[in-house]
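Okay, so here's the structure we're looking at.
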Amino acid sequence: MLIEYLQDALFAAVAAIGFAAISNPPRRAYLFCALIAAIGHSTRFLMMHQQVFGLHIVLATTAASLLVGLLAVVLSPVAKMPAETCLFPSLLPMIPGIYAYKTFGGLVMCMYRGSEGEFSHYFYLFASNGLTCLFILIGMVTGATIPIFMLKRISFQATR
């Protein structure tokens with residue numbers, strides 16, 4: 001389990017560095033983005049796969065996004081950059097790509113199935129994956145922005 005946890009953290013850090021490179025931040029931001037993404041994504045992994053927590057992906061993502069937002073705000077004065085510089089690339093590895101893919105796959109299969117039973121099955125897949133994807137995204141946005149608004153003094157001092 002520890003190896004899976006560390007692999008998850010490593011791959012999230014690599015993805016965050018890649019996403020950060022797209023927006024061309026200062027070089028010192030890469031380390032902070034990688035660190036925050038690794039902690040956040042592996043926390044979500046831990047919350048979903050440990051029997052102590054056993055949370056659904058929506059709740060685990062919301063809690064991990066709250067942690068990512070908190071870390072970004074707290075580390076922004078240390079990094080001497082706005083919290084959003086590290087926040088957004090660190091959140092991107094948690095985007096529910098497989099649920100979005102399955103949502104559109106279910107929609108396409110709905111359109112090409114003639115019988116009512118098959119249509120109902122694929123519509124169920126479309127709705128289930130679509131709602132899961134939507135609520136994960138809402139949880140990410142909510143969890144990431146709460147620390148920015150709760151800790152206004154810290155989060156906005158880097159932009160002054």
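E4 meets the conditions (1) in contact (Cβ under 8 Å) with a residue 40 or more places away in the chain; (2) more than 30 Å from L131 (Cβ to Cβ); (3) among the charged types (D, E, K, R) in every case but one. The failed one is (2).
Quick grid of which residues meet (1) in a helix (DSSP H, G or I); (2) among the β-branched types (V, I, T); (3) out of contact with any Phe, Trp or Tyr (no Cβ under 7 Å at 6 or more places or on another chain):
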site: L10; (1), (2), (3): yes, no, yes
site: A29; (1), (2), (3): yes, no, yes
site: G40; (1), (2), (3): yes, no, yes
site: T43; (1), (2), (3): yes, yes, yes
site: G54; (1), (2), (3): no, no, yes
site: T61; (1), (2), (3): yes, yes, yes
site: S65; (1), (2), (3): yes, no, yes
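Looking at the stretch 97-115, can you tell me whether even one residue there is under 27 Å from Y30 (Cβ atoms), free of Cβ contacts under 8 Å to residues at least 60 places away in the same chain and of a type outside the set (G, A, S)? Within the stretch 97-115, one or more residues are under 27 Å from Y30 (Cβ atoms), free of Cβ contacts under 8 Å to residues at least 60 places away in the same chain and of a type outside the set (G, A, S).
State whether the residues of the stretch 46-64 include one that is modelled with pLDDT under 90 and either buried (at least 24 other Cβ atoms within 10 Å of the Cβ) or touching a Lys or Arg at 6+ places or on another chain (Cβ under 7 Å) (or both). No, the stretch 46-64 has no match at all. For the stretch 51-87, residues that are of a type outside the set (K, R), over 17 Å from A12 (Cβ atoms) and more than 13 Å from the chain's Cα centre (by Cα) total 17. Within the stretch 93-119, being in a helix (DSSP H, G or I), surrounded by fewer than 14 Cβ atoms within 10 Å (Cβ to Cβ) and of a type in the set (S, T, Y) holds for one residue alone: Y101.
Among the residues of the stretch 70-84, those that are in a helix (DSSP H, G or I), of a type outside the set (A, V, I, L, M) and either at pLDDT 95 or above or surrounded by fewer than 24 Cβ atoms within 10 Å (Cβ to Cβ) (or both) comprise P77, E84. Among the residues in the stretch 61-79, are any more than 20 Å from I146 (Cβ to Cβ) and of a type outside the set (A, V, I, L, M, F, W, C)? Within the stretch 61-79, none of the residues are more than 20 Å from I146 (Cβ to Cβ) and of a type outside the set (A, V, I, L, M, F, W, C).
Applying the set (1) among the small types (G, A, S); (2) part of a helix (DSSP H, G or I); (3) more than 10 Å from the chain's Cα centre (by Cα) to S90 leaves exactly one unmet item: (3).
The values are calculated or read from the model by the stated rules, or taken from the named source; none is laboratory data. Because the structure is a prediction, the values reported are computed rather than measured. Here the Cβ is made from the backbone with ideal geometry for all residues, glycine too, and neighbour counts use every protein chain on show.
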